[in-house]
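Here the structure is laid out as structure tokens; the discussion comes afterwards.
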Amino acid sequence: MKVTKWDGQPISKAGWYSGIPIERYHSPSMCDGPAVSSSNLRTCWSKSPKHMFSQWAENPEREERTVTRAMLLGAAAHHLLLGEDNFKLKFVAQPETYRDVKTGEPKKWNNNAHACQEWNAKQAKGGKVVVKVEELDCIVAMARSLALEPLVNEGLLRGRIETSGFWKDQQTGLWIKVRPDVIPVTDADFVDLKTASDVTTVALQSTMRSYGYPQQGALIWEVCEALGQPFTSFMLMFVETSNPWCARTVQVDDEDLSFGRQQNRWALRKIRECIDTGHWPGPGEGDLRPLRISNDERERIKTRLKAEGLLDEDTTTNSRRYA
């Protein structure tokens, strides 16, 4: 696998690149033409092109994304758990106490206090992210839980990190960019580390649907295929963000990855169409069909109505008999 050291200029040649800060990766003009990432395609599919465009890096009037504490915790966890360099240069623990300016007595840390605000401002100016002590304790607990995973001991999280892949889609002319958590060097099993509140099967099925992870894996697969990089599977390694910090590794089903490729293809074509026309439609624009409730909810209503004696066994779902 050939990896090129990024020279600080917009990407104009397909390939794998190292040395691109994550902030730059997500910034506008990363490539010499419009570029989309997995999150862009997933938003386009699950919400609408209009939702995607509102936060797209290439949109000069985009709405800047608000960084939440959960996002900061996830970033810090990724940095530490994946063994990225210079954790202490990017993240700093928030002190538990500060000294009162007048009395010199130690007091419990209070971000409303002037001294604490000055300290926070100094860290931000130095490019550091402040992490609370309890959050660092949580990350350490997550790391310990991951260390017990057999697949981790077998090297599942070992490989190239902080490496980005770029490929220009010939059909749409859009640049596609991917940044796998780990690019394997001894096999072709890609893995992405995810934090979660719950790793039970039912919870993860909902998580997979909500975040469109099969589309993410499918895009990595497509870029690998275009760049001649072997790809066998896409796995997700989940770790809970609270006690007992359970870890669980799941492989994304091959058929779901295939559907993901088709979903991505639809999104790429739709984004290209929107760029060309200058129109970014919202959800269901132009669709005037009746909006049906879900089949599950329909069955629950029918079951209750039958139990109440208000619905005959032979009554069809589209009947207006009792309207």
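Each value in this text was obtained by applying a stated rule to the coordinates, not by laboratory testing. Here the structure is a predicted model, which is why all the values come from computation and not from measurement. FYI the Cβ positions are ideal-geometry reconstructions off the backbone, even for glycines, and counts take in every protein chain you see.
Taking amide H as placed 1.01 Å from N in the peptide plane, the amide H of A93 sits under 5 Å from that of V131, each at least 5 places away or on another chain. Hey, what angle do you get for helix 114-125 against the long axis of the chain, alpha-carbon based, 0 to 90 degrees rounded to 10? Helix 114-125 sits roughly 80 degrees off the main axis of the chain.
Comparing S206, S294, S54 in a Gaussian network model of the chain where C-alpha atoms under 10 Å apart are linked, the largest mean-square fluctuation is found at S294. With the highest mean first, a sort of the peptides 232-240, 207-215 on other beta-carbon atoms found within 10 angstrom per residue produces 232-240, 207-215.
Beta bridges assigned by DSSP with both partners in the chain are antiparallel in approximately 50 percent of cases. Filter K108/K128; K90/K168; K102/K125; K50/K270 down to the pairs with a C-alpha to C-alpha distance above 20 Å, please. Correct reply: K108/K128; K90/K168; K102/K125. Remark on C31: its backbone amide H falls under 5 Å from those of I11, a criterion applied only to residues 5 or more positions apart or on other chains, H modelled at 1.01 Å from N.
Largest GNM mean-square fluctuation among V130, V223, V101, using the chain with Cα springs under 10 Å: V101.
Cross-link partners of K13 among aspartates and glutamates, defined as those whose alpha carbon lies under 18 angstrom from its own and excluding same-chain residues fewer than eight positions apart: D32, D169, E222, E225. Relative to the longest principal axis of the chain, what angle (0 to 90°, nearest 10) does the C-alpha long axis of helix 133-147 take? Relative to the chain, helix 133-147 is tipped by roughly 70 degrees. With a Förster radius of 22 Å applied to the beta-carbon distance between A124 and A93, the computed FRET efficiency rounds to 0.90. FRET efficiency for the D137 to Q9 pair, using the beta carbon distance and R₀ = 30 Å, is estimated at 0.15. A convex hull fitted to the Cα coordinates of the chain yields 220 cubic angstrom per residue.
Between T201 and R69, the contour length at 0.36 nm per residue exceeds the Cα-Cα span by 44.9 nm.
Annotation: the residues K125, K194, K50, sorted from fewest to most other C-beta atoms within 10 Å of their own C-beta, follow the order K125, K50, K194.
Ordering 106-115, 176-185 by mean Cβ neighbour count within 10 Å, with the highest value first, yields 176-185, 106-115. Along segment 204-220 the Karplus relation, 6.51 cos²θ - 1.76 cosθ + 1.60 evaluated at θ = phi - 60°, assigns HN-Hα couplings of 5, 4, 5, 4, 4, 5, 5, 9, x, 4, x, 5, 4, x, 5, 6, 4 Hz to successive residues, with x for each Gly and Pro.
Near L193, the amide H atoms lying under 5 Å from its own belong to D181, M237; only residues 5 or more places off or on other chains count, and H is placed 1.01 Å from N.
Which whole-number percent is the relative contact order of the chain (Cα, under 8 Å, 6+ apart)?
Numbers: 414 pairs, mean separation 62.6, N = 323.
Over the chain, the number comes to 19 percent.
Take each peptide in 146-154, 303-311, 70-78, count the other Cβ atoms within 10 Å of every residue, and average; sorted highest first, the result is 70-78, 146-154, 303-311.
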